[in-house]
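The values are calculated or read from the model by the stated rules, or taken from the named source; none is laboratory data. Just so we're clear, the structure is a prediction, and the values are computed from it rather than from any experiment. Ideal geometry is used to build each Cβ from the backbone, glycine not excepted, and the neighbour counts take in all protein chains shown.
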């Protein structure tokens, strides 16, 4: 009995915060690993459409990005525009862009390069088809329509 | 012993603050990778390819008009029906002798495709079609192929085609990957994905 009485007398000990840094570091490492720094600042609206039958692109350094969408609210215009790197581009700029991207890659990986078309869902197909035609002319034939995982049934208005 | 006890301990109290600072930085700058989508191969340059003639019954015409309406072989169809229509076209197997398809379960009609190896889906879109609709149609067409491939993989190897593909990529798969690749190739050969966006001309 005396044992118990003794315990009651002791004041509540403070909760040790010694493991707090460890927890925070754990989170930190998770985010460091999961983070990919966005290279390009988006200047166009870029809400991707949904699709089910998708493939993941594994190697990020093999991907060339083309963003398409209407200019975001900071910029003027409502027509769909193309963004390459971090500026607006015209259709004719695609060919030199792709060629310079290909030239900057190692020889071994050149056949595996994929052009990722990150096209806003409200874009008209005319522009997309024009881009595809440009890509065909520079033999960048592997493309990927970037999408979000999800059902397609709500895609059709 | 005494000297060791006296060694000053580094105050680690601010460690948490530093870690928090870094954590918040990474939280803000994080974009979790979203590089996924529908992969396609574009046809080569226009002037490189001589026109190929395909029998009309082996072409499945899908068209998207400027009002985002879906036309299959000239008829208005809803998106939900597209997959079934594509499957019954691909799986028709109406060919005879050399072109016969032994694994098809379709109705073998004479107006539909001879053999899945010959069947081509032609997808045309108008300039005013919405990209979102276009992707939805692409997705439905790919899922038609996936369903047929799944069925054949299940019949031949007792696994789904999609599972086989996942296994091929997975590092935890302990089976024979060379064999798996062979099998995947075989299934893909049975139902080759031929979705053409090239201009087609009716004869």
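Of note:
- Single condition residue A:110 does not satisfy, out of (1) within 24 Å of residue B:36 (Cβ to Cβ); (2) away from every other protein chain (no Cβ under 14 Å); (3) modelled with pLDDT under 85; (4) under 18 Å from the mean Cα position of the chain (by Cα): (4)
- Any hit, the range A:117-125, residues being without any contact (Cβ under 8 Å) to a residue 12 or more places away in the chain and within 22 Å of residue B:196 (Cα to Cα): yes
- Of all residues in the range A:73-84, those that are more than 14 Å from residue A:125 (Cα to Cα) and exposed (fewer than 14 other Cβ atoms within 10 Å of the Cβ) total 6.
Residues are listed down the side, and each one gets a yes or a no for (1) at pLDDT below 80; (2) more than 9 Å from every other protein chain (Cβ to nearest Cβ); (3) at positive phi:
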site	(1), (2), (3)
B:3	yes, yes, no
B:6	yes, yes, no
B:13	yes, no, no
B:22	no, no, no
B:33	yes, no, no
B:36	no, no, no
B:40	no, no, no
B:47	yes, yes, no
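- Output for the range A:128-138, where each listed residue is at the interface with chain B (Cβ under 7 Å from one of its Cβ atoms) and farther than 23 Å from residue A:43 by Cα: A:136, A:137
- Residue identified as without any contact (Cβ under 8 Å) to a residue 40 or more places away in the chain and over 23 Å from the mean Cα position of the chain (by Cα) among B:28, B:72, B:77: B:28
- Candidates A:121, A:70 - the one that is surrounded by 14 or more Cβ atoms within 10 Å (Cβ to Cβ) and more than 18 Å from residue B:136 (Cβ to Cβ): A:70
- The range A:94-127, subset assigned to a helix (DSSP H, G or I) and in contact with a strand residue (DSSP E or B) (Cβ under 6 Å, 6 or more places away or on another chain), residue nearest to residue A:46 (Cα to Cα): A:125
- Restricted to strands (runs of 3 or more DSSP E) entirely inside the range B:50-159, no element has at least 2 residues that are surrounded by 14 or more Cβ atoms within 10 Å (Cβ to Cβ) and at pLDDT below 85.
Per-residue answers, yes or no, for (1) part of a loop (DSSP other than H, G, I, E, B); (2) at the interface with chain B (Cβ under 7 Å from one of its Cβ atoms); (3) touching a strand residue (DSSP E or B) at 6+ places or on another chain (Cβ under 7 Å):
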position: A:21; (1), (2), (3): no, yes, no
position: A:28; (1), (2), (3): no, yes, no
position: A:33; (1), (2), (3): no, no, no
position: A:36; (1), (2), (3): yes, yes, no
position: A:42; (1), (2), (3): yes, no, yes
position: A:58; (1), (2), (3): yes, no, no
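- Residue selected from the range A:140-157 under the condition at pLDDT below 85 and part of a loop (DSSP other than H, G, I, E, B), by the criterion surrounded by the fewest Cβ atoms within 10 Å (Cβ to Cβ): A:157
- Residue within the range A:71-88 that is assigned to a strand (DSSP E or B), over 30 Å from residue B:23 (Cα atoms) and either within 12 Å of chain B (Cβ to nearest Cβ) or within 16 Å of the chain's Cα centre (by Cα) (or both) present: yes
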